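Computed from the coordinates by the stated procedures, all read-outs in this text should not be read as laboratory data. Values in this document were obtained by computation on a predicted structure and should not be read as measured data. Note that each Cβ is placed from the backbone with ideal geometry, even for glycine, and that neighbours are counted across all protein chains shown.
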Ligand code: AMP
């Protein structure tokens, strides 16, 4: 697997070099609104650690980092007001997964019916 690219856009967001519309932050995780929302609600959840994707994090991240990412989700959907209406979590990985930004991120989509799982 190629090296983590510290110049990817989410790494720049974590360093405060470019702005974001923050929803939630803790010691391990940052969540912010996607700049090109695909549904009424479209949030991104990223670990603060330098992981390219779920494969990389699943192999290298600490248990605390991995748990924090999942534990953040209910807090974020509560803040977004979609906890009860439902939502979809997606993470794209690599070329065939359609990943554009090489820093692990969970997409949270909701606020309206999200539609078919795969088009
Ligand atoms: P993916 O294809 O899974 O890598 O998704 C990358 C996502 O990042 C897309 O939904 C983009 O709209 C989103 N995105 C790209 N740049 C930014 C940014 N500066 N702030 C917020 N979201 C972004």
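Measure nothing but the geometry: give the 0 to 90° angle between the long axis through the Cα atoms of 63-80 and the longest principal axis through the Cα atoms of the chain, rounded to 10°.
Computed tilt is about 30 degrees.
Once the piece of chain linking residue 88 and residue 64 is laid out straight, how much longer is it, given 0.36 nm per residue of separation minus the C-alpha distance between them?
6.3 nm
Placing one identical point scatterer on every Cα of the chain and ignoring solvent, what is log10 I(q)/I(0) from the Debye formula at q = 0.23 Å⁻¹?
-1.50
Counting helices only, and only those DSSP H runs with n ≥ 4, report the 222 nm mean residue ellipticity of the chain as the sum of -39,500 (n - 2.57) divided by its residues, in deg cm²/dmol to the nearest 500.
Helix-only estimate at 222 nm: -8000 deg cm²/dmol.
On the Cα set of the range 12-71, report Rg and Dmax in Å, please.
Here Rg and the maximum Cα pair distance are 12.1, 34 Å.
Using r as the Cβ-Cβ distance of residue 25 and residue 114, and R0 as 22 Å, what FRET efficiency do you calculate, to the nearest 0.05?
0.30
Applying 1/(1 + (r/R0)^6) with R0 = 22 Å to the Cβ-Cβ distance of residue 9 and residue 55, what FRET efficiency is obtained, to the nearest 0.05?
0.65
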